[in-house]
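A quick write-up on the structure given underneath.
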Amino acid sequence: MSVAGRDPADRDTNGNASPDNGTAGPTHGSFFGRRKGHKLRLHQADLIEHLLPHLSLDIGKPDPPDLADLFAAPVDDLRLEIGFGGGEHLIAEARAFPRIGFIGCEPYVNGMAKILTQIEAHNIGNIRLFAGDAAELLAWAPPRSLARIDLIHPDPQDLTVAAMARALKPDGEFRFVSDIADYCAWTLAHLSRSPEFVWTAERASDWRLPWTGYTMTRYGRKAEREGRHAAYLRFRKVG
Ligand SMILES: C[S@@+](CC[C@H](N)C(=O)[O-])C[C@H]1O[C@@H](n2cnc3c(N)ncnc32)[C@H](O)[C@@H]1O
């Protein structure tokens with residue numbers, strides 16, 4: 001999947017992306033957005049320098065046969081959150097499910113600094129991090145290694161349906177949240193067309209409302225404040 005291909009600044013006054021060719025088409029570079037924002041506070045810079053290396057995945061090395069080995073304590077399953085931003089959702093999930101190993105992928109340094117602050121404050125042991133492009137991480141992950149992939153209020157990025165299908169276990173889940181109609185339509189069209197995924201919604205409330213236990217993110221709150229409603233799409237990997 002290539003989740004649309006344009007700058008959120010191109011949104012029209014309703015918050016919809018305004019594609020120039022009528023499609024939410026593929027991007028050409030995978031990373032979208034800023035890598036650096038405001039200057040890090042001293043402690044944040046210290047966490048980036050000293051804590052991040054301990055939690056970082058090194059995709060320069062071959063993937064371990066079992067990604068669970070990345071975690072000090074045993075984990076029952078593995079999940080990936082792509083573009084976690086400030087980390088609100090990822091931190092809440094990791095605290096709620098201590099027996100799940102979470103991988104958080106976020107190239108934005110300030111987002112990384114924020115999540116490191118939370119990991120340290122709550123002494124969270126079940127998160128590993130990747131400060132780069134999700135497409136590279138997915139290509140590195142062993143096939144059928146992840147039980148779930150979450151993509152919440154994404155920027156446009158080059159993620160293919162095939163890359164996600166490859167990394168997900170049979171019966172694994174892909175969860176997608178966006179308030180941009182074009183991104184939702186594109187995702188729905190492409191995943192519904194794929195023989196490897198089924199959309200699990202049975203009634204409108206299944207996609208109009210967040211799932212139970214969902215933690216609203218910064219972008220989600222902003223969309224709600226501005227009157228844009230997100231869709232909450234869940235797909236099950238078949239086979
Ligand atoms: C619109 S923000 C949403 C952040 C957060 N999920 C939320 O809902 O508040 C999109 C995030 O995706 C990240 N991102 C952009 N391109 C990416 C890529 N290729 N791989 C992983 N994350 C990416 C950005 O740095 C940004 O933090």
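Taken together, the values in this text are just the output of simple stated rules run on the coordinates, not laboratory data. As the structure is a computational prediction, the values presented were derived from the model and not from experiment. All Cβ positions, glycine included, derive from the backbone under ideal geometry; neighbour counts span all protein chains shown.
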Which one of H229, L90, A189 is farthest out on the positive end of the charge dipole of the chain, using unit charges on Cβ (Lys, Arg +1; Asp, Glu -1) and the Cα centre as origin? H229
GNM, the chain, Cα, under 10 Å: largest mean-square fluctuation among E196, E120, E106? E120
Connecting every pair of Cα atoms under 10 Å apart in the chain and solving the GNM, the largest mean-square fluctuation among G213, G111, G87 falls on G213
Determine the sum of side-chain charges near G83: Lys and Arg each +1, Asp and Glu each -1, restricted to other residues whose C-beta is under 9 angstrom from that of G83. -3
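How would you classify segment 59-192 from its alpha-carbon gyration tensor, with a ≥ b ≥ c the square roots of the eigenvalues: rounded for a/c under 1.5, else prolate if a/b is greater than b/c, otherwise oblate? Walk me through the numbers on the way to the answer.
On the way: a/c = 1.63, a/b = 1.22, b/c = 1.33.
Cα axes put segment 59-192 in the oblate bin.
With an 8 Å Cα cut-off and a minimum separation of 6 or more residues, compute the relative contact order for the chain in percent. If you can, show how the numbers build up before the last one.
Working: 469 pairs, mean separation 57.2, N = 239.
It comes to 24 percent, rounded to a whole number.
May I ask you to sort Y183, Y232 by Cβ crowding, counting other Cβ atoms within 10 Å and putting the fewest first?
Least crowded to most crowded, the residues run Y232, Y183.
Quick one: dipole size for segment 31-237, taken about the Cα centre, charges +1 on Lys/Arg Cβ and -1 on Asp/Glu Cβ, in debye to the nearest 20. Could the numbers behind the result be given before it?
Details: 27 positive and 27 negative charges, 94 e Å.
Computed charge dipole of segment 31-237: roughly 460 debye.
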Excluding residues fewer than 8 positions from K222 in its own chain, the lysines with Cα under 29 Å of it are K36, K39, K114
Lysines within cross-link reach of K237: Cα-Cα under 25 Å, excluding same-chain residues under 8 positions apart? K169
Neighbours of L129 by Cβ distance under 12 Å: Lys/Arg at +1, Asp/Glu at -1, summed charge -1
Report the gain in length on full extension from A185 to A121: 0.36 nm times residue separation, minus Cα-Cα distance, nm rounded to one decimal. 19.2 nm
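Using Cβ contacts closer than 10 Å as the measure, can you line up K61, K114 from fewest to most?
Details: K61 8, K114 22.
Least crowded to most crowded, the residues run K61, K114.
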With D69 itself left out, Lys, Arg at +1 and Asp, Glu at -1 over residues whose Cβ is under 15 Å from its Cβ give -3
Total charge dipole magnitude, segment 27-136, about the Cα centre, Cβ charges on Lys, Arg, Asp, Glu only, Debye to nearest 20: 500 debye
Listing E136, E226 by rising number of other beta-carbon atoms within 10 angstrom, fewest first, gives E226, E136
1/(1 + (r/R0)^6) with r = Cβ-Cβ of R203 and D77, R0 = 22 Å, i.e. FRET efficiency to nearest 0.05, evaluates to 0.20
Along principal axes, largest first, the alpha-carbon spread of the chain in whole Å comes out as 46, 43, 34
